[in-house]
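Enquirer: Below you'll find the structure I mean.
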Amino acid sequence: MQVTETLNEGLKRGYAITVTAAELDEKVNEKLVEAQPEIEMKGFRKGKVPMALLKKQFGQRLMGEAMQESIDGAMNKHFEDSGDRPALQPEVKMTNEDWKEGDDVNVEMSYEALPKIPEVDFSGVELEKLVVKAEDEAVTEALTNLAETAKEFEAREEGAAAEDGDQVVIDFVGRIDGEAFDGGAGDDYPLTLGSNSFIPGFEEQLVGTKAGEEKDVTVSFPEEYGAEHLAGKEAVFTCTVKEVKAPKAAEIDDELAKKFGADDLDALKGQISERLEAEYAGAARAVLKRGLLDKLDALVSFDLPPSLVDAEAKQIAHQLWHEDNPDVQGHDHGEIETTEEHTKLAERRVRLGLLLAELGQKAEVEVTDAEMTQAIMAQARQYPGQERQFFEFIQQNAQMQQQLRAPIFEDKVVDHIVGQAKVTEKEISKDELQKAVEELEEE
């Protein structure tokens, strides 16, 4: 077998591989010898069929297997000897298409090699870690919101008119063209005006009503309404107002705390502070990570495989196009052209992706089974009632597993780098952190 280099420009590689007829014949014979003990043929005992007859019967079929194994073996040996790692699956084609048994097999192999990643000293990388404490004002705001969710309603004085935000207890019957329809009636229904829980226009018409009053509410079901027999149709709901109640926010005290599982108000405040600071820490980490990636992008330079950059640029262009055209759900649109901006962003992503992958490999960073299970379960919660099916789907889908594993791996590599860098903490306000996050989203 002979492997000859035909191209070596940048990261592009080309090789001519020749598998001799003698090598192929030898491999076919090896396969026949291996299979002979198990072969039965009319007129011969098991394992006693002559080799010449076996070759005549099975040789042509085994020749194809021998070719493929020889070429694969030559490729694997080349990558092992050269140390090259192809960026994408190598392109392999047979050049003597008029091949016949007894001829050598000539093959061309071409690929783009992954670049050599330079060593990086992270001890000189300086990073700033933003720290935000949960201020009393933020805790109070969170407590107020909790009290709002725990609010109760008290009956207004007799004869009082319902206001926006009040709760009216109603009996109602809906009719279309004078005929009542299924699902259009209810008794003692507590409806909060302004909650938008009913058809658009319904709640507004009950503002100003009083207990004991009957009112016809005329509305039209939306064109995209879930029930086809109601979609787009006008309906009249006869509503009997039985009670009008005003909202009363819960007191911010120990009783409120107990409603949310805390022993007392101080314990609830502590839980809120921890939750807020965890949210701030997550946002601050995103800022820290972007700062690290920016420094790495400026610090490290190496050649990039054009095929990877091109594929990434097309994906970026496709994603941004769909963000600008949210009404287009499928992918049966015309080709989306990539721009210089798409290519520039793609180069950054490919460079950082290759660098982080190399650093993670050298540091022996691994994603544990427990981390993968946690990630899968987090995704599964988005499909209530179908968690088990989702979990089984992920287990059987290697591509989906990789999509979940990749960000976990990347975060662990980032942690590894941050651990070697010079990190200083800077305490800032919640508003300053929010501004820093918004600046990330704008880039």
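The values are calculated or read from the model by the stated rules, or taken from the named source; none is laboratory data. Since this is a predicted model, take the numbers as computed values, not measurements. Heads up, the Cβs are rebuilt from the backbone with ideal geometry, glycines too, and the neighbour counts pull from every protein chain shown. Please note that ligands, DNA and RNA were not included when accessible areas were found on the heavy atoms of the full protein model with its side chains. Shrake-Rupley method; radii C 1.70, N 1.55, O 1.52, S 1.80 Å.
Enquirer: GluC sites (Glu not before Pro) within the stretch 1-43: which are DSSP loop residues with at most 10 other Cβ atoms inside 10 Å?
Expert: 40
Enquirer: With just the Cα atoms defining each centre, how far is the stretch 135-188 from the stretch 249-270? Give it in Å.
Expert: Measuring centre to centre over Cα atoms gives 24 Å.
Enquirer: Report relative contact order for the stretch 277-392 in percent, whole number only (criteria: Cα-Cα under 8 Å, sequence separation at least 6).
Expert: Across the stretch 277-392, relative contact order equals 25 percent.
Enquirer: Consider the candidate values (i) 28; (ii) 56; (iii) 18; state which one is percent of Cα pairs over 39 Å apart computed from the structure displayed.
Expert: Among (i) 28; (ii) 56; (iii) 18, the one calculated here is (ii).
Enquirer: Taking 0.36 nm per residue of separation and subtracting the Cα-Cα distance, what length does fully extending residue 429 through residue 131 add?
Expert: Contour length minus the Cα-Cα distance gives 106.5 nm.
Enquirer: Now a separate question. Got a sec? Which residues in the stretch 282-314 would a label at residue 110 touch, if it sits 7 Å along Cα→Cβ and we count backbone N under 14 Å?
Expert: It comes to 306-307, nothing else.
Enquirer: Share of the chain's accessible area from carbon and sulfur, percent, 1.4 Å? Display every interim value, and only then the final one.
Expert: Numbers: 12830 of 28080 Å².
The computed percentage sits at 46.
Enquirer: Heads up, I need the accessible area for residue 156: 1.4 angstrom probe, whole protein in place, Å², nearest 10.
Expert: 80 Å²
Enquirer: Pick from 363, 211, 227 the residue whose mean-square fluctuation is largest in a GNM of the chain, springs joining Cα atoms under 10 Å.
Expert: 227
Enquirer: Which of the chymotrypsin sites (Phe, Trp or Tyr not before Pro) across the stretch 77-177 are loop residues per DSSP, with 16 or fewer other Cβ within 10 Å?
Expert: 99
Enquirer: How much accessible surface area, in Å² rounded to 10, belongs to the heavy atoms of residue 236 with a 1.4 Å probe?
Expert: The value for residue 236 is about 50 Å².
Enquirer: Further question: Pull out a ≥ b ≥ c, the square roots of the eigenvalues of the alpha-carbon gyration tensor of the stretch 265-338, then state rounded if a/c is under 1.5, prolate if not and a/b is larger than b/c, and oblate in the remaining case. Walk me through the numbers before you get to the answer.
Expert: Details: a/c = 5.54, a/b = 1.63, b/c = 3.39.
Verdict is oblate for the stretch 265-338.
Enquirer: Using a Gaussian network model of the chain whose springs link C-alpha atoms within less than 10 Å, name the residue from 25, 327, 294 with the highest mean-square fluctuation.
Expert: Evaluated over the chain, the most mobile residue of the options is 327.
Enquirer: Could you rank 24, 299 by how accessible they are, 1.4 Å probe, largest area first?
Expert: Largest accessible area first, the list is 299, 24.
Enquirer: Could you tell me the relative contact order of the chain? Use alpha-carbon pairs under 8 Å, at least six residues apart, and round to a whole percent.
Expert: On the way: 589 pairs, mean separation 73.7, N = 443.
Across the chain, relative contact order equals 17 percent.
Enquirer: What FRET efficiency would be calculated for the residue pair residue 415, residue 1, taking the C-beta separation as r and a Förster radius of 35 Å, to the nearest 0.05?
Expert: E between residue 415 and residue 1, to the nearest 0.05, is 0.15.
Enquirer: Then there is this: Quick check: the distance between the Cα centres of the stretch 365-431 and the stretch 300-349, to the nearest angstrom?
Expert: Value for the Cα centre distance between the two parts: 24 Å.
Enquirer: What does the accessible area per residue of the stretch 11-144 come to in Å², with a 1.4 Å probe and no ligands, DNA or RNA counted? Spell out each step's value before the answer.
Expert: Numbers: 8310 Å² over 134 residues.
Per-residue value: 62 Å².
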